[in-house]
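Engineer: Let me give you the structure first, and then I'll get to my questions.
Bear in mind these aren't lab numbers, they're just calculated from the coordinates by the rules spelled out. Since the model is a prediction, treat every value here as computed from it, not as a measurement. All Cβ positions, glycine included, derive from the backbone under ideal geometry; neighbour counts span all protein chains shown.
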Amino acid sequence: MTTVREATYQVLHDLGMHKIFGNPGSSELPFLKDMPPGFEYILALHERVAAGMAIGYALGKGEAAFVNLHSIASAGNGLSALIDAYQGQVPLVVTTGQQDRRQILAEPFLVSRAAEVVKPYVKWSLEPLRPEDVPSAIARGYHLAMQPPRGPVFISVPMDDWNKPCQPVIARKVTQTVLPDPASLDEVVRAIDASRKLALITGAQIEQDGAWNDVIALAERLNADVFAEPIASRWAFPRSHRLFRGGLLPAQRPLSDQLAGYDTVVVLGAPVFLYYAFVPGDPIKPGTKLFQITNSPLDATAALAGTSIVGNVAVAARYLVSRVKPVERSLAPCPPQPEPGAEYPITTAYLFHTLNKVMPRDAVISEECPSSKGDLDRYVKLDCPGSFYSVRTGILGFGLPAAVGLQMAHEKRRVVCPVGDGSAQYSIQALWSAVQYRAPVVFIVIRNGDYSALRGFRDFTNVGKNVPGIDIPGIDAVKIAQGYGMEAREVDRPEDLEPALREAFAANAPRLISVNVQRGGQKTMGMDQSVNPPNYG
Ligand SMILES: Cc1ncc(C[n+]2csc(CCOP(=O)(O)OP(=O)(O)O)c2C)c(N)n1
């Protein structure tokens with residue numbers, strides 16, 4: 001016999017979860033006391049940041065991360081990160097404390113109904129019926145979190161459970177690779193071989209399923225045009241590859257217009273499709289053959305058109321590469337982006353062009369800059385797997401903590417976090433964790449003094465000019481960072497940008513650069529080329 005607490009640490013060790021991302025309260029102390037050697041507690045000053053760093057860490061490692069939050073108090077504050085993890089297929093095992101079982105019936109201080117509250121946004125949520133079920137529930141939760149489509153699980157543990165007797169739990173092996181149906185893949189092979197013009201759409205699950213090289217091999221064998229899924233949360237294809245054609249637009253009509261020239265479209269590891277503004281149209285031009293290969297039954301059933309095949313994307317890509325006929329095609333090289341000028345105030349095009357020049361080629365980006373995302377896409381060219389992460393849901397607060405978690409996962413790569421001056425405020429406490437845990441992220445605050453993306457959406461949908469709450473003057477990110485113990489500086493003149501970035505990359509510690517930029521105002525989430533938006537005027 002052992003205690004629930006000892007059995008839990010043993011099972012965490014056996015499953016490889018040695019970091020505990022958290023923010024503690026009274027009900028977690030019996031678990032956290034006398035943490036065994038080999039475990040590290042990563043403190044965040046806000047739960048959104050604790051779970052957000054775990055998201056970055058899990059994405060960087062490709063493994064589930066463990067989170068310990070404080071009863072319903074933390075579950076509420078951390079909920080937006082749980083939603084990010086759910087929609088973004090990030091494996092998290094999230095635990096929270098609960099009041100002592102012996103007085104729950106009397107509704108004591110900090111009693112928690114968190115297990116019910118989080119239910120729609122986790123794969124599994126429970127408060128175990130018996131204390132001795134806690135370690136097994138954590139093991140089961142881990143396997144469920146890792147099973148495609150990956151995602152968070154949630155376990156609420158009463159604080160008197162930890163010292164109860166318990167049998168040790170043996171960590172089992174549960175495999176995760178689900179093979180797609182070969183007969184359905186043969187149908188894709190036939191369609192590809194008969195196609196005169198083929199597009200491949202690449203999605204985040206390519207990285208999750210380890211399909212990076214297989215998808216490149218497939219694209220090169222077919223000489224096919226390759227697009228990124230709309231509002232890509234990960235870059236799943238080398239950005240400067242000769243076959244890469246950029247991202248799809250996140251609305252029905254412009255997206256189907258973009259693909260109108262193709263007779264066959266194969267979506268690899270993405271939904272069909274992720275939309276933002278409602279611009280009605282066909283999901284795909286009638287007559288175009290559309291296939292989706294996805295590890296997510298949810299994405300397969302939610303697709304608006306085409307044939308969906310569920311299974312591992314790498315296995316599917318290898319199957320297709322070994323069977324499709326090669327295609328010869330001469331390609332005109334893509335015209336290079338025009339080099340942006342060193343205007344004053346600095347433009348975001350110039351900012352990302354300069355960043356691309358200065359950053360290491362294996363850098364990792366954690367992005368949250370809504371109105372300048374289009375310029376980032378145009379000017380930052382990274383070709384390594386695992387180079388780019390962004391939020392899948394549109395909930396602000398992802399970028400800063402994910403950057404810190406990614407940096408913890410990648411000791412040898414440098415993480416860069418371009419973040420809007422508004423977005424940064426949703427999880428600003430992550431700066432403190434970056435300092436305390438020596439995560440040398442380069443934070444670039446894009447200071448335009450407003451919610452430009454909302455201004456863009458307002459104009460795009462003809463809401464009218466008279467909307468409050470769009471200006472955010474008077475935020476000094478440099479002083480905030482300094483207040484958390486981080487070296488920081490402001491950049492106002494274009495000639496100071498490159499030296500400031502070079503200095504930040506040369507440092508072996510986190511740095512924040514706040515760059516005063518021109519207001520964009522016309523662009524939102526890559527929608528700048530879209531047509532016929534809904535009119536909410
Ligand atoms: C948690 C949350 N609150 C509010 C919003 C609405 N929202 C979307 S974009 C945006 C503006 C973000 O401002 P900033 O980071 O400065 O970027 P900019 O739009 O200026 O590029 C807001 C408030 C949201 N998506 N998520």
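Engineer: Could you work out how far the C-alpha centroid of region 493-512 sits from that of region 11-26, in angstrom?
Structural biologist: Spelled out, the Cα-based centre of one part sits 35 Å from the other.
Engineer: Which pairs break 23 Å Cα to Cα here: K123/K373; K197/K357; K19/K123?
Structural biologist: Too far apart for the 23 Å limit: K123/K373; K197/K357.
Engineer: Residue by residue through region 493-510, what is 3J(HN,Hα) from phi via Karplus (6.51 cos²θ - 1.76 cosθ + 1.60, θ = phi - 60°)? Round to whole Hz and write x for glycine and proline.
Structural biologist: Along region 493-510, the couplings run 9, x, 5, 8, 5, 4, x, 5, 5, 4, 4, 5, 5, 6, 6, 9, 8, x Hz.
Engineer: For region 304-391, what's the radius of gyration and Dmax over Cα atoms, in angstrom?
Structural biologist: 18.4, 54
Engineer: Please compute one quarter of the surface area of the Cα convex hull for the chain and express it in square nanometres. It would help to have the intermediate numbers written out before the result.
Structural biologist: Values: hull surface 102.9 nm².
Mean shadow area of the hull around the Cα atoms is 25.7 nm².
Engineer: Assign one of three labels to region 139-277, namely rounded, prolate or oblate, based on the Cα gyration tensor with a ≥ b ≥ c the square roots of its eigenvalues; rounded applies when a/c is under 1.5, prolate when it is not and a/b is larger than b/c, and oblate otherwise.
Structural biologist: Verdict is prolate for region 139-277.
Engineer: Along the Cα→Cβ direction, 7 angstrom out, place labels at R242 and F109. What is the inter-label distance in nm?
Structural biologist: Label at R242, label at F109, 7.0 nm between them.
Engineer: In what sequence, highest mean first, do 185-191, 413-419, 266-272 appear when ranked by Cβ atoms within 10 angstrom?
Structural biologist: Values: 185-191: 17.1, 413-419: 24.6, 266-272: 26.7.
Going by the mean number of other Cβ atoms within 10 Å, highest first, we get 266-272, 413-419, 185-191.
Engineer: Per DSSP H run of n ≥ 4, the term is -39500 (n - 2.57); total these for the chain, divide by its residue number, and report the mean residue ellipticity at 222 nm rounded to 500 deg cm²/dmol.
Structural biologist: Numbers: 19 runs with 179 residues, N = 537.
That comes out to -9500 deg cm²/dmol.
Engineer: Here is a further query. Limiting things to C-alpha atoms, what are the Rg and the maximum Cα-Cα separation (Dmax) for region 155-197, in angstroms?
Structural biologist: 24.3, 67
Engineer: What list of ³J(HN,Hα) couplings, whole Hz, do you get for region 29-44 from phi and the Karplus terms 6.51, -1.76, 1.60, once you set θ to phi - 60° and write x for glycine and proline?
Structural biologist: So the J values, rounded to whole Hz, are 4, x, 7, 7, 4, 6, 4, x, x, x, 9, 10, 8, 9, 7, 10.
Engineer: Using modelled backbone amide H atoms (1.01 Å from N, in-plane), which distant-in-sequence or interchain residues come within less than 5 Å of Q98's amide H?
Structural biologist: Here V157, M159 satisfy the definition.
Engineer: What order, most packed first, do the peptides 166-173, 430-437, 104-111 have when packing is the mean number of other Cβ atoms within 10 Å of each residue?
Structural biologist: Working: 166-173: 13.9, 430-437: 23.9, 104-111: 11.1.
Descending packing order for the listed peptides: 430-437, 166-173, 104-111.
Engineer: Between region 224-283 and region 317-357, how far is it from one alpha carbon centroid to the other, in angstrom?
Structural biologist: A separation of 15 Å, based on Cα centres.
Engineer: So how far apart, in nm, are the two label points at R329 and M1 if each is 7 Å from Cα heading toward Cβ?
Structural biologist: 6.9 nm
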